[in-house]
Amino acid sequence: MPNSTPSEGTAAPRLLDVLRDKIRVRHYSLRTEQQYVNWVRRFLRFHPQRHPREMGAAEVTAFLTNLAVAGGVSASTQNQALSALLFLYRDVLEINLPWLDEVVRAKQPGRLPLVLSKSEVAAILRLANGLYALQLRLLYGTGMRLMECMRLRVKDVDFTMQEIIVRDGKGAKDRVTMLPQSVIEPLQAHLQSRRALYEADLAAGMADIYLPDALARKYPNAAKEWGWQYVFVTTGYVRDPRSGAERRHHQDEKLLQRAMKRAVQAAGLAKPATPHTLRHSFATHLLQAGYDIRTIQELLGHADVATTMIYTHVLNKGGRGVSSPLDELVPQGLLTPHSQLR
């Protein structure tokens, strides 16, 4: 009886289960797990009736090319798909072939970050409502990323020292940023209502919260303690996609993204600002205020100061601080001001 090639319908479930296990052993985030599984599944569907062991650089390149040409995806999305396939071959199938290093990554465009002026930030913050207004003020006032705000826990807010400890940020690094004085009072008021909700959950036996890594086994009671609770949580209980446990999770970030979009539209701004734009604005406005770039680097959690240097573009007037020659003609009397033209 000839050997049959496993199709995605028979091989994929086992392969994807192994993929998930390998990702969890390395403590990758749930989002990374979901994205990697999705890309591997799409790769298998793009080459039906073929197992990844039977494919090589040509098949991977064809898949990535199709994403760019037919799918019109960005360079970052294309590179994310490549990273998922590299993980599949190297860490799941344990195949380290020369062609893995020959697959070319898409060139990332060198774009400058979108930055809002202080008046534009103020307009957005004024027009945001309720809890979203507090969250947006935190993003702008601390430089936190969107998910860092969503995953903020009670124990990491220090009102005495007026600082916030950002845990497990990008690159699995912790850092310290400031707690703006103007948000202390509203944040304390929010935590009072959050404490009442926690007490109700505790009485109902539903105060258990997700703990990272093996902390739940190391500290069995920590998941029910007040300090480990999320500052911003869902209105109801949700099911954990990994453990299946039903409990209160941190707030869905899409709610804040939509609130930001509504505020931007209400302010009449044409800029496509998102919550992450407030982080860019935080860094830029600190630079404009004269703060040292190394300090800003630490507040943002950048591994390389070169990443922080991108915000210096706003400190240069026009094109790298060069005045346009057109602006020299009017003061010298060589050109009539445009307002006097008929």
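The values are calculated or read from the model by the stated rules, or taken from the named source; none is laboratory data. Note that the structure is predicted; figures quoted are calculated from it, not measured. So basically every Cβ, Gly included, is an ideal-geometry build from the backbone, and we count neighbours across all protein chains shown. Side chains are part of the model used for accessible areas, which takes the heavy atoms of the whole protein and leaves out ligands, DNA and RNA. Shrake-Rupley method; radii C 1.70, N 1.55, O 1.52, S 1.80 Å.
Filtering the stretch 167-203 down to residues that are aliphatic (A, V, I, L, M) and loosely packed, with under 13 Cβ neighbours inside 10 Å, which residue is farthest from His302 (Cα to Cα)?
Here the residue is Ala203.
Identify, from the list Arg50, Arg26, the residue that is at pLDDT 85 or above, open to solvent by 60 Å² or more (accessible area, probe 1.4 Å) and either in contact with an Asp or Glu (Cβ under 7 Å, 6 or more places away or on another chain) or not aliphatic (A, V, I, L, M) (or both).
On inspection, the qualifying residue turns out to be Arg50.
Within the stretch 207-315, considering only helices (runs of 4 or more DSSP H) that don't extend past its boundaries, which have at least 1 residues that are modelled with pLDDT of 90 or more?
Details: elements: 215-218, 253-266, 275-288, 293-300, 305-308.
Hits in the stretch 207-315: 253-266, 275-288, 293-300.
Exactly one condition in (1) open to solvent by 20 Å² or more (accessible area, probe 1.4 Å); (2) over 17 Å from Gln35 (Cβ atoms) is not met by Ser74; state its number.
Condition not satisfied by Ser74: (2).
For the stretch 261-304, enumerate the residues that are closer than 24 Å to Val233 by Cα and open to solvent by 30 Å² or more (accessible area, probe 1.4 Å).
Lys261, Arg262, Thr274, His276
Under 21 Å from Leu30 (Cβ atoms), out of contact with any Ser or Thr (no Cβ under 9 Å at 6 or more places or on another chain) and basic (Lys, Arg) - does that describe any residue in the stretch 246-265?
Yes, the conditions are met somewhere in the stretch 246-265.
Return the residue satisfying two criteria in turn: it lies in the stretch 140-167 and is under 12 Å from the mean Cα position of the chain (by Cα) and outside any helix (DSSP H, G or I), and of such residues it is farthest from Asp252 (Cα to Cα).
Met144
Report whether or not Arg248 is basic (Lys, Arg), in contact with a Gly (Cβ under 8 Å, 6 or more places away or on another chain) and under 22 Å from Leu197 (Cβ atoms).
So Arg248 passes the test.
Open to solvent by less than 20 Å² (accessible area, probe 1.4 Å) and aliphatic (A, V, I, L, M) - does that describe any residue in the stretch 109-120?
Scanning the stretch 109-120, I find at least one residue that is open to solvent by less than 20 Å² (accessible area, probe 1.4 Å) and aliphatic (A, V, I, L, M), so the answer is yes.
Mind counting the residues in the stretch 232-260 that are over 14 Å from Ile209 (Cβ atoms) and surrounded by 13 or more Cβ atoms within 10 Å (Cβ to Cβ)?
Counting residues in the stretch 232-260 that are over 14 Å from Ile209 (Cβ atoms) and surrounded by 13 or more Cβ atoms within 10 Å (Cβ to Cβ) gives 7.
Being of a type in the set (Val, Ile, Thr) and closer than 16 Å to Glu148 by Cα is the filter here; which residues of the stretch 269-312 pass it?
Thr274, Thr277
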